[in-house]
1. Would you confirm whether any residue within the range 54-65 is charged (D, E, K, R), at pLDDT 85 or above, under 30 Å from K8 (Cα atoms) and under 13 Å from the mean Cα position of the chain (by Cα)?
2. Every residue in the range 1-15 that is loosely packed, with under 14 Cβ neighbours inside 10 Å and touching a residue at least 40 places away in the same chain (Cβ under 8 Å), please.
3. Return the pairs, sorted by first residue and then second, in which the second residue is among the basic types (K, R) and at pLDDT 60 or above, the first residue lies in the range 101-125 and is over 20 Å from M58 (Cα atoms), the beta carbons are less than 7 Å apart, and the residues are 6+ apart or on different chains.
4. Of the residues S48, S96, S36, which single one is free of Cβ contacts under 8 Å to residues at least 40 places away in the same chain, closer than 13 Å to L121 by Cα and not β-branched (V, I, T)?
5. Condition first: among the charged types (D, E, K, R) and either within 16 Å of H88 (Cα to Cα) or assigned to a loop (DSSP other than H, G, I, E, B) (or both). Now tell me which residues in the range 63-73 satisfy that.
6. Output the residues belonging to the range 51-67 that are within 13 Å of L121 (Cβ to Cβ) and charged (D, E, K, R).
7. Look through the range 20-61, keep the residues that are in contact with a helix residue (DSSP H, G or I) (Cβ under 9 Å, 6 or more places away or on another chain) and among the small types (G, A, S), and return whichever of them is surrounded by the most Cβ atoms within 10 Å (Cβ to Cβ).
8. Within the range 36-62, can you find the residues that are outside any helix (DSSP H, G or I) and within 22 Å of V113 (Cα to Cα)?
Amino acid sequence: MGWAQAKKSFLAAISRFQSQIPVIQKKKQVGYTGKSGQLVGYKYAELSEIDDAIKGPMLDNGLSKRWELGEDAENIICTCIISHVDGHSEKTTLSSTRDDSGNKNNIQPASAVTYLQRYTLIGALGLTTASEDNDGDGTPQTPPQPVYVDHSKEMPR
């Protein structure tokens with residue numbers, strides 16, 4: 001199969017895939033005290049929840065995902081690669097500084113990596129996430145109140 005046909009197959013598979021995916025709900029609640037002392041709270045869709053929602057439709061459409069991770073002097077670099085069985089792949093890359101919040105040491109960049117994996121995957125597949133769940137009945141539910149964590153009292157890892 002030639003490059004043009006492989007790309008055409010890839011784009012058709014992505015289109016079918018996107019029509020099969022519901023809006024992914026932001027269920028993970030986060031809260032913390034910001035640098036200037038203000039309370040910050042928000043919700044996001046965890047990578048595992050996104051993966052659960054897309055696994056079947058990706059398989060059904062001949063798509064797969066993987067990440068390449070790297071770093072330079074200041075940043076972690078994450079590239080999400082979406083491939084189709086006919087051979088075409090496309091990449092989405094983001095980078096970020098290491099997350100040194102809390103009591104992490106220099107080799108614990110996991111939260112930054114997970115963040116980059118989540119957002120490169122969302123971008124590569126054209127996914128959407130919603131911050132409000134209405135259980136399909138049109139009535140928004142009251143979101144849970146943020147739980148604020150005092151990271152200054154965490155034990156070193």
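The values are calculated or read from the model by the stated rules, or taken from the named source; none is laboratory data. Everything numeric in this text was worked out from a predicted model, so none of it was measured. Don't worry about glycine lacking a Cβ; one is built from the backbone with ideal geometry, like all the others, and counts go over all protein chains shown.
1. From the range 54-65, those charged (D, E, K, R) are 55, 60, 65; that's our starting set.
Still in the running and at pLDDT 85 or above: 55, 60, 65.
Retained after the next criterion (residues that are under 30 Å from K8 (Cα atoms)): 55, 60, 65.
Right, trim to under 13 Å from the mean Cα position of the chain (by Cα) and you get 65.
Within the range 54-65 (the criterion being charged (D, E, K, R), at pLDDT 85 or above, under 30 Å from K8 (Cα atoms) and under 13 Å from the mean Cα position of the chain (by Cα)), the answer is yes, since at least one residue qualifies.
2. Passing the criteria: M1, W3, Q5.
3. Close Cβ pairs satisfying both conditions: P109/R98; A112/R98.
4. On the way: S96 fails: closer than 13 Å to L121 by Cα; S36 fails: closer than 13 Å to L121 by Cα.
Residue meeting the stated conditions: S48.
5. Residues satisfying the conditions are K65, R66, D72.
6. D51, D52, K55, K65, R66
7. Among those that are in contact with a helix residue (DSSP H, G or I) (Cβ under 9 Å, 6 or more places away or on another chain) and among the small types (G, A, S), it is A45.
8. Taking the range 36-62 as the starting set, the residues that turn out to be outside any helix (DSSP H, G or I) are 36-46, 61-62.
Those that are outside any helix (DSSP H, G or I) and within 22 Å of V113 (Cα to Cα): V40, G41, Y42, K43, Y44, A45, E46.
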